[in-house]
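I have placed the structure first, in the form of structure tokens, so that the comments after it can refer back to it.
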Amino acid sequence: MKVKDAGFEEYSLFHSWHTEDKGYRYGNPTIYQNGKLLENLKGKYGPDINLQFILDFMEKHREEPMFVYYPMILPHWPMVPTPLSKDWAKPELRNEPDIKYFPDMVEYMDLLIGGLLSGIKNLGLDDDTIVMFYSDNGTDQKIHSKFRGQNIRGGKATPLQTGIRVPLIARWPGKISPHQLNNNLVEASDFLPTLAKLGRVGIPKNWKHDGISFADQLLGKKSNTRDYCFFWYDP
């Protein structure tokens, strides 16, 4: 399914129509935005363009209810320099992959999230906006991280904890306690009923879904919880 047929009113994506010649998602990116391929992006950084697109969209619709789906392309293979990396100063290295740039990508992801939250606050939407941070899988198996004196290898594409257990952080000033921790099971299918309940909109009866809302859990209320999650992967 092409993005234009998936229900999005506006979009900014990496190489949407260039499936054979993808170009780059980071340095000198190939960006398809609202039906047009952006030009003159030499020296630009793809994640910066997408963040600005989101903030512009939110400013334009600040008086309306809105939903933004932000599939960050950081951190993701190919692991290449970011504008904060020393090697960014060498244009010939901007799209040369090396796992040594993974920490730089994580740092830049942090920077963009800060930019998003600051932008929401500057628009006066802070108290009316729920932000959920979530990952679709663990880190690449080439990545080794240090945690409490242990060496932890990434488990992407495996059913190991390092492949399927990921962060889920929710922020809603004044509504979600900033220090609330929850160990209950949540999976991706739960986002549909959760967001529908938080947004006070109904789900059509003919929409078949397996999700269980965790909206009440976010608000510190008693709620139905999952007994299990189902994971399936076909490489």
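The values are calculated or read from the model by the stated rules, or taken from the named source; none is laboratory data. If you're wondering where the values come from, they're calculated on a predicted model, not measured in any experiment. Every residue, glycine as well, gets a Cβ built from its backbone with ideal geometry; the counts of neighbours run over all protein chains shown. Surface accessibility is based on the protein's heavy atoms, side chains included, excluding ligands, DNA and RNA. Shrake-Rupley method; radii C 1.70, N 1.55, O 1.52, S 1.80 Å.
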Can you tell me how many residues within the stretch 57-104 are open to solvent by less than 60 Å² (accessible area, probe 1.4 Å) and part of a helix (DSSP H, G or I)? 8
For G46, state whether it is free of Cβ contacts under 8 Å to residues at least 40 places away in the same chain, at negative phi and surrounded by 18 or more Cβ atoms within 10 Å (Cβ to Cβ). yes
Given the conditions (1) without any contact (Cβ under 8 Å) to a residue 60 or more places away in the chain; (2) in contact with a Leu (Cβ under 8 Å, 6 or more places away or on another chain), which single one is not true for P83? (2)
Condition broken by I54, with the remaining ones in (1) over 21 Å from E96 (Cα atoms); (2) in contact (Cβ under 8 Å) with a residue 60 or more places away in the chain; (3) out of contact with any helix residue (DSSP H, G or I) (no Cβ under 8 Å at 6 or more places or on another chain) satisfied: (3)
Write out, first by first residue and then by second, each pair whose Cβ atoms fall under 7 Å of each other, whose residues are 6+ apart or on separate chains, and whose first residue, in the stretch 109-123, is hydrophobic (A, V, I, L, M, F, W, C) while the second is open to solvent by 90 Å² or more (accessible area, probe 1.4 Å). L123/E59; L123/R62
Sole exception among (1) touching a helix residue (DSSP H, G or I) at 6+ places or on another chain (Cβ under 8 Å); (2) open to solvent by 70 Å² or more (accessible area, probe 1.4 Å) for L37, by number: (1)
Which of the residues spanning the stretch 116-128 are of a type in the set (G, A, S) and open to solvent by 20 Å² or more (accessible area, probe 1.4 Å)? S118, G124
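Does I113 fit the bill of being in contact with an Asp or Glu (Cβ under 6 Å, 6 or more places away or on another chain), surrounded by 13 or more Cβ atoms within 10 Å (Cβ to Cβ) and modelled with pLDDT of 95 or more?
no
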Residue by residue through the stretch 129-143, note down the ones that are open to solvent by less than 50 Å² (accessible area, probe 1.4 Å) and within 15 Å of Q161 (Cα to Cα). S135, N137, G138, D140, I143
Hey, does the stretch 7-29 have a residue that's on the phi > 0 side of the Ramachandran plot and loosely packed, with under 15 Cβ neighbours inside 10 Å? yes
